[in-house]
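A short worksheet on the structure shown next.
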Amino acid sequence: MGRTLAEKIIARAAGRSSVEPGEIVTCKVDLAMVHDSSGPRRHKAMLNQLGAKPWDVSRIVVVTDHYVPAFDADSAAILDLTRKWVRDEGVANFYDMQGICHVILPERGHLRPGIFAVGGDSHSPMAGAWGCFMFGIGATEMCGVLVTGDIWLKVPPTHQVRWAGRLGEGLAAKDIMLTLCREMGLGTVRYGVVEYVGPAIAALSMPERMVLTNMSAELGAQTGLIAPDQTTVEALAAAGVIVSDALSWQSDADAAFAKVWDFDASRLEPQVAAPHSPENAAPVGDYPGVKIDQCYIGACTGAKLDDLRMAASILRGRTVARGTRLLVAPASQRILAAAAADGTLAALTAAGAILMPSGCGACAGYGAGVLAEGEVCLSSTARNFKGRMGHPGSSVYLGSPYTVAASAVTGRITDPRPQLAEKVAA
Amino acid sequence: MSATPGTGRAFVFGDNVDTDALAPGLYMKGSIEALARHCLESFDPAFARDVAQGDFVIGGENFGMGSSREQAAMVLRQLGVAAVIARSFAGLFFRNCLNLGLAPLECAEAGRIRPGDALTVDAIEGRITNRTQGQSYPCVPIPAHLLEMVNDGGLLPHLAKRLKPGTAS
């Protein structure tokens, strides 16, 4: 009987030749990532209480991204505590205000196919695009990992999600993902693994693949995976990571999947998820005339270089509608620099976009850019739970960077394809 | 909670109760006491004020979906909630509950519980008794060793107790 990619990684980390879905095993952790909200702020006191030290600081990555830059005395104190803990413990892998943790990990060469990793954040499955088994845990469990270097888990079943065809012009991974949220639902997978395969997935860039594994969290999955291919190998090399066995991390052809789901990307339309759930996704044309106060291109899910370029391809030569504001928070400082170098940033700001610091910001209602009661936002982020981006009486719609940018131009939820086509013709 | 706790009232919510509703991001940088005052306010502004020690929170499918923030479980404990009873739980939240000392009870018949019903729970036997409606529902039992951790207040107090000289078993 063949094995899934998830089972192979778990078996390797558990020191076993193979594992079966449903059995409980203990795995050695190759990488533990925490950020300023879930990290030292929470685990420092716990470690002190136990009189324990981190098991291996070389395997720990700390990122400040939630409270950056500090916006009041409390957030400044959280960042201060984080910096001091990192210094006192000698954590070399510390990225202070350099970007969002899930984007920092591959950008700085911390991911390699086949590793078993945990993160103090629910969007940790984002690393699955690089063939890593990475899942989110709470701060108390993270404390356990920091002390012991291992963690137990119940081997999850794998759902294979196949996407035939190829995305059309003006379509993005986000449209695939919102379709999945609607078609699969948020609870169906029940802490299983979602593995994405098929020609439409293979055609995606790494940043686009990361949207799918990131939002596997929204499908209720423990993690999401995309097996490495040549695109992965090239992206790893660009990050300075050379590994010989990258392509060996694949599900076997005769692996047993809990369920196989089939979709076709060819006829997909841009999708928008209505408040207050990613599950409320429908074609963009189903929202005629919905007026938008704020457009947001940000967060781990929606502000990578590809996302900024998608927005720029719409906004070049256009301006944000009066009465609507467009906030852009690039997902990392390196992405910001790349966007500045290739003209993407200039296209965005010339159109009237307001540039925000790299960080989680408004997506989780932490930093600047949150919403007032009654305000409506269209966002390239992952979640639109009630009140997540500000007042409980605010509303958030989710869409691709194309759709967010096109809607910023009109001030209403808008199909990006006509604007894109007009641009191409011009 | 113990195997045979007292009676508590039911506060009923729907499917997909999310972590941002349990522990809103706007208040995450404050203390647990302050955060708890906003628990579930986007669904029921009166919940945090009305809930009392020993009460129960009832959910539908996928309770606790969303963030890894374990404050979502901590605030319920802070408010005195004895257990969460739901048709199903988000995996990350389920782990956090046990680690933070809050019993997550999976119950296929959770949908029969109405707001204000008086409940008692036996987590070891896996049984929920609805005294108001005169009904009884099975729930997935919590293994004794995990329930001991829950009763100790979660993983940290449990470990501290075990590591304390002279009390280790």
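Throughout, read-outs are computed from the coordinates displayed, never taken from laboratory work. This one's a predicted model, so the numbers in the text were calculated from it and none came from an experiment. Neighbour counts run over all protein chains shown; Cβ positions are idealised from the backbone, glycine included.
Placing +1 on each Lys and Arg Cβ and -1 on each Asp and Glu Cβ, with no other charges, gives chain A a dipole about its Cα centre of roughly 380 debye. Only DSSP H runs of four or more residues enter the estimate; each adds -39500 (n - 2.57), and after division by the residues of chain A the mean residue ellipticity at 222 nm equals -9500 deg cm²/dmol. Subtracting the Cα-Cα distance of B:A34 and B:T132 from their residue separation scaled by 0.36 nm leaves 32.0 nm. Using only the Cα atoms of region A:173-314, build the gyration tensor, take square roots of its eigenvalues as a ≥ b ≥ c, and label the shape rounded, prolate or oblate: rounded if a/c is under 1.5, else prolate if a/b is larger than b/c, else oblate. Note, shape of region A:173-314 comes out oblate. Considering only A:A117, A:A311, A:A14, the Gaussian network model of chain A with Cα springs below 10 Å gives its largest mean-square fluctuation to A:A14. With 18 Å as the limit on Cα-Cα distance, the pairs of A:K28/A:K84; A:K8/A:K28; A:K53/A:K84; A:K44/A:K84; A:K174/A:K291 that go past it are A:K28/A:K84; A:K174/A:K291. Legend: calculated FRET efficiency, A:R87 to B:R112, from the Cβ-Cβ distance at R0 = 35 Å, rounded to 0.05, equals 0.05.
Among rounded, prolate and oblate, which fits region A:272-425 when a ≥ b ≥ c are the square roots of the eigenvalues of its C-alpha gyration tensor, a/c under 1.5 means rounded, and a/b larger than b/c means prolate? Oblate. Per residue, the convex hull around the alpha carbon atoms of chain B comes to 107 Å³. Hey, what did chain A get for relative contact order, percent, Cα under 8 Å, at least 6 apart? Relative contact order of chain A: 17 percent.
Database remark: amide H of A:T158 closer than 5 angstrom to the amide H of A:V193, A:A258 (H placed geometrically; neighbours at sequence offset of 5 or more, or on other chains; Pro and chain starts carry no H).
Under a Gaussian network description of chain A, with springs only between Cα atoms under 10 Å, the residue in A:L398, A:L167, A:L153 that fluctuates furthest is A:L153. Each Lys and Arg contributes +1 and each Asp and Glu -1, all at the Cβ; summed about the Cα centre of region A:272-425, the dipole is approximately 200 debye.
Comparing A:D245, A:D36, A:D307 in a Gaussian network model of chain A (Cα springs below 10 Å), the most mobile by mean-square fluctuation is A:D245. All distinct Cα pairs of the protein assembly as shown go into the 1/r average, and the inverse of that average, the Kirkwood radius, is 24.2 Å. Once both labels are positioned 7 Å from their Cα atoms along Cα-to-Cβ, the gap between B:A144 and A:I242 label points is 5.8 nm.
Under 1.5 on a/c is rounded, so check that first for region A:5-264, then, if it is not, pick prolate when a/b is larger than b/c and oblate when it is not; a ≥ b ≥ c are the square roots of the alpha carbon gyration tensor eigenvalues. It comes out prolate by the Cα gyration axes. Using a 4.7 Å Cβ-Cβ cutoff, the cysteines of the protein assembly as shown lacking any partner cysteine are A:C27, A:C101, A:C132, A:C143, A:C181, A:C295, A:C300, A:C360, A:C363, A:C377, B:C39, B:C97. Each helix, a run of at least 4 DSSP H residues, gives -39500 (n - 2.57); summed and divided by the residues of chain B, these come to -7000 deg cm²/dmol at 222 nm. Selection among A:A76, A:S244, A:L336 by position relative to the dipole of the protein assembly as shown gives A:A76 as farthest towards the positive end (Cβ unit charges, Cα centre). Counting other C-beta atoms within 10 Å, and keeping those with at most 16, which DSSP coil trypsin sites (Lys or Arg not before Pro) do you find in region B:1-84? Counting only loop positions with at most 16 other Cβ atoms within 10 Å, the trypsin sites (Lys or Arg not before Pro) in region B:1-84 are B:R37. May I ask what percent, to the nearest 5, of DSSP beta bridges between residues of the protein assembly as shown are antiparallel? Bridges in the protein assembly as shown that DSSP calls antiparallel: roughly 25 percent.
Using C-alpha pairs below 8 Å separated by at least 6 residues, the relative contact order for region B:8-163 is 22 percent. Inter-part distance, region B:1-56 to region A:354-426, computed on C-alpha centroids, equals 29 Å.
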